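What follows is one structure encoded as structure tokens, with my remarks underneath.
The values are calculated or read from the model by the stated rules, or taken from the named source; none is laboratory data. It should be emphasised that the depicted structure is a prediction, and the values quoted were computed from it without experimental measurement. Glycine gets a Cβ as well: all are built from the backbone with ideal geometry, and neighbour counts include every protein chain shown.
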Amino acid sequence: MSQMMSESAVQETCITPITDQNLEDQNIRDEKKVELTSDPYAYLDRCGFSSEKFKIEIRGLPKFYGIGELKKLLNSKLQLGSNKIKPPKKRSNWLYVCFRSDADRQAAIVALNGHTWKGSVLQAFEAKPAPDPLVNKRNHEMEDNVDGGEAKKLKVDDEKSLEERLRDSTTPLWNVTYCQQLEDKQKKVRSLLLSLSRDIVKANPTLAPWIKSQKAKHEGLPCELLPIRPSPVQDGYRNKCEFTVGLNEVTGEPTVGFRVGSYVRGFTGVGSVDCLKHVPQRMKEVAKLFEQFVRQSDLGVYNPETQEGNWRQLTVRLAHRTSQLMLIVGIHPQSLPDSSIDELKTGIRNFFQDGPERVGNVSSLYLQLIKKTMSGEEPPPLQHILGETHVLEELSGLRFRVSPQAFFQVNTPAAEVLYGAVAELAAPAPGAAVLDVCCGTGTIGLSLAQKTGQVLGIELSSQAVADAKENAALNQITNCEFFEGRAEDIMGSVISRVTGKDILATVDPPRPGLHQKALIQLRRAEKLKKLVFMSCDPKAAFKNFVDLARSSSKTFQGLPFVPVRAVAVDMFPHTVHCELVVLFERLDVTLHSQ
């Protein structure tokens, strides 16, 4: 009897009394759940500012234009203050432009309607915001269940395990032999070069005879294509990973890993990285350690749909040669007071410094506050909370300081292969000057410094420039200078500092390629005879390749550059990507035809 009463008492303490307030709270939660389930536009009111709120569509765009030119028209000439430009996936005569307010949007419509640009008359009108992809996907799934049953609507991907889907989304070649991976990548590079020969002739018909002679020498290609260079390390090669903090869609537990698909495709679930080949074991271990901390925390995991919660991401940098490890913990502060942020920093520091978790051997620790502003994601400020401010890595016999947000090739052993290929193709003369465009922390320029007379690096990131200067001093290299600024803005003044007769340019731009204005200045530099272009996305850089070879004109001054040699370097095993290195040289067609 006493036992029964005890159990009853326990049940009573676990049952929440039903009150009017509880019913009201439950109704609110139910209404919110329905809203999140059914309304794909609820995010416009729920999440504060969104670039989708004040969007217009512009039609009648000219056949040939650049996004940079359009930005200049909108923001400089017409003073419209656009927030974001969203072109379609395939080039078309229309696109979307977003603004910060309805007043700005209406002003843009008035200014653009009937405006003539590059011989085309523009049309502008309000555009419907894009639906939330996650809600759209959920609604479609609900409709499928009602119409025909879930079993009939399952896709192949849905039948795969979480691990298989994660492998497919991050390392799609995980089950392909490495020899086959290299063969497929070489074929893709060859196909791209075949297309390049056709487009060069279209852009510069006077090069047709030269291209024809090149194709006869190089099996139909416009230049010599060397065999692809494999990565010395195929597994666990990444020295930087950005892990997402989210909910495991199978267990529902907070997980530190990678998202299984993108939010744009309607995915928010996160899977553990234990099964991934390209992530080093030490990174997997530290992700698991941090996962423990998140699960023990009173803070919630950030929800990209509702934009509630705090834990967002964990960035890990691992210096393979020195074993130094840097962590950057990213949170959304929401309405947390400064005192709570301070407590959080203390907790994270103690967790990795004093607890049993110190086996992670963290040498540098930062906290990153990531939040929305009126312009979207702002560059998150970093707060250093433990250890060194940077990590040191060794590459090609040199030592490099790498700061938290600086660019550094993600595969250190393959980067040595890459820079060796650059030196091989460039074959710089002893007294030549190297113009290192988008130089990052100075790795390429410094690796060539002993072979040349002068190195001048250009980089947008102030932190990367500071690192490059420190790296030059660290390696006692005195013939290098590094300059901060946009390449298109400062290249002319930097080139004027060249003391020698010849310039060799090395270009390693971001994925989309080099800004056209920068490329135009390279064409104009008379001392520049050779240019080595590196691209991790050759398709995106394709237009740069063609512009280098365009006919001389008022815009593209100077003799054209033509591709002479090319080689692919596999920087990213188990993925479809590789780095393409192309050597371009000046060509005077009149001398060639004589």
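Return a yes/no flag: does the range 44-63 have any residue that is free of Cβ contacts under 8 Å to residues at least 60 places away in the same chain, surrounded by fewer than 19 Cβ atoms within 10 Å (Cβ to Cβ) and of a type in the set (A, V, I, L, M).
No; the residues of the range 44-63 include none that is free of Cβ contacts under 8 Å to residues at least 60 places away in the same chain, surrounded by fewer than 19 Cβ atoms within 10 Å (Cβ to Cβ) and of a type in the set (A, V, I, L, M).
Looking only at residues in the range 207-246 that are acidic (Asp, Glu) and out of contact with any His (no Cβ under 9 Å at 6 or more places or on another chain), which one is farthest from Trp174 (Cα to Cα)?
The qualifying residue farthest from Trp174 (Cα to Cα) is Glu219.
Within the range 336-348, can one find any residue that is closer than 23 Å to Leu247 by Cβ, hydrophobic (A, V, I, L, M, F, W, C) and outside any loop (DSSP other than H, G, I, E, B)?
Yes, the range 336-348 has at least one match.
When you scan the range 319-327, do you find a residue that is touching a Phe, Trp or Tyr at 6+ places or on another chain (Cβ under 6 Å), closer than 28 Å to His390 by Cβ and buried (at least 21 other Cβ atoms within 10 Å of the Cβ), even just one?
no
Among all residue pairs at least 6 apart or on different chains, which show Cβ distances below 9 Å where the first residue, located in the range 240-260, is in contact (Cβ under 8 Å) with a residue 12 or more places away in the chain and part of a loop (DSSP other than H, G, I, E, B) and the second is small (Gly, Ala, Ser) and crowded, with 23+ Cβ neighbours inside 10 Å?
Final answer for the pair search is Asn248/Gly257; Asn248/Gly271; Glu249/Gly271; Val250/Gly271; Val260/Gly271.
Given the conditions (1) free of Cβ contacts under 8 Å to residues at least 60 places away in the same chain; (2) in contact with a Phe, Trp or Tyr (Cβ under 7 Å, 6 or more places away or on another chain), which single one is not true for Lys212?
The one condition Lys212 does not meet is (2).
Test each condition in (1) over 23 Å from Lys554 (Cα atoms); (2) assigned to a loop (DSSP other than H, G, I, E, B) for Leu456 and report the one that comes out false.
Unmet for Leu456, out of (1) over 23 Å from Lys554 (Cα atoms); (2) assigned to a loop (DSSP other than H, G, I, E, B): (2).
Among the candidates Glu488, Glu459, Glu470, single out the residue that is more than 21 Å from Phe533 (Cβ to Cβ) and within 28 Å of the chain's Cα centre (by Cα).
From the options Glu488, Glu459, Glu470, the qualifying one is Glu470.
Among the residues that make up the range 526-539, is at least one of them modelled with pLDDT of 95 or more, closer than 27 Å to Ser396 by Cβ and of a type in the set (Val, Ile, Thr)?
Yes.
For the range 73-103, which residues satisfy the criterion of being out of contact with any Leu (no Cβ under 9 Å at 6 or more places or on another chain) and closer than 18 Å to Ser120 by Cα?
Lys77, Arg91, Tyr96
State whether one or more residues within the range 544-552 are closer than 24 Å to Arg229 by Cα and under 24 Å from the mean Cα position of the chain (by Cα).
yes
Report yes if Val507 is among the aliphatic types (A, V, I, L, M) and touching a Phe, Trp or Tyr at 6+ places or on another chain (Cβ under 6 Å), otherwise no.
So Val507 fits the description; yes.
Going by the conditions given, is Phe290 surrounded by 21 or more Cβ atoms within 10 Å (Cβ to Cβ) and closer than 19 Å to Glu163 by Cβ?
No.
Given the conditions (1) closer than 27 Å to Gly397 by Cα; (2) charged (D, E, K, R); (3) surrounded by fewer than 20 Cβ atoms within 10 Å (Cβ to Cβ), and given that Glu459 satisfies all but one, which numbered condition is not satisfied?
(3)
Go through (1) modelled with pLDDT under 80; (2) in contact with a helix residue (DSSP H, G or I) (Cβ under 8 Å, 6 or more places away or on another chain) for Ile58 and report which single condition fails.
(1)
Arg497 - would you say it is more than 22 Å from Arg401 (Cβ to Cβ), at pLDDT below 95 and under 21 Å from the mean Cα position of the chain (by Cα)?
Taking the combined requirement at face value, the residue does not satisfy it.
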